[in-house]
Amino acid sequence: MSLYSVASTILYLINSVFVPVLFAVAFLVFLYGVADAYVFSKGEPAAVAKGHKIILWGVIGFVAMISLWGLVNVVANTFGLAGAGAPPLPSAALYTPGAVNPALLNTNNSQMTNYVECPKDANGNCI
């Protein structure tokens with residue numbers, strides 16, 4: 001096992017497991033602070049102040065996680081450990097007029113196979 005594969009595995013665990021879990025914990029702490037300060041406090045100043053401190057710690061958690069995530073990605077990109085990056089976004093276009101997918105052509109490229117015909121309007125044009 002090479003150093004590169006170990007570093008890539010560690011980066012994968014940090015970016016895909018550790019950071020999302022800590023974001024979830026920080027968000028839950030923030031929500032608990034909001035509930036504690038405004039729902040469960042019944043207007044008592046001490047309980048509201050306690051809730052505000054919990055909200056502050058939730059926000060500090062968010063800031064720390066964003067900083068850690070950014071630092072890990074800067075280090076990964078600096079040393080070439082970032083990998084292939086994010087996959088491309090899916091396309092919603094099912095049919096592009098005039099475009100032919102080469103995978104749908106048969107071996108002599110004369111006729112399309114597995115062709116799904118587009119819906120047509122009254123003039124026979126694809127819509």
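None of the figures in this text is laboratory data; all of them are computed from the coordinates on show. Just so it is clear, the model here is predicted, and its values are computed rather than measured. Cβ: placed from backbone, ideal geometry, glycine included. Neighbour counts: every protein chain shown.
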Sticking with the crude label model, points 7 Å out along Cα→Cβ, report the distance from THR9 to ASP121 in nm, one decimal please.
5.8
For LEU28 and LYS42 in one chain, what is 0.36 nm times their gap in residues minus the Cα-Cα distance, to one decimal in nm?
3.0 nm
Once phi for every residue in region 43-56 is put through the Karplus expression 6.51 cos²θ - 1.76 cosθ + 1.60 (θ = phi - 60°), the whole-Hz ³J(HN,Hα) values, with Gly and Pro written as x, are x, 6, x, 5, 5, 5, 5, 5, x, 5, 5, 5, 4, 4
Given contacts defined as C-alpha pairs under 8 Å and at least six residues apart, what's the relative contact order of region 3-78, whole-number percent?
33
Straight-line reach only, C-alpha to C-alpha below 16 angstrom: list the lysines that LYS42 could link to, leaving out same-chain residues fewer than 8 apart.
LYS50
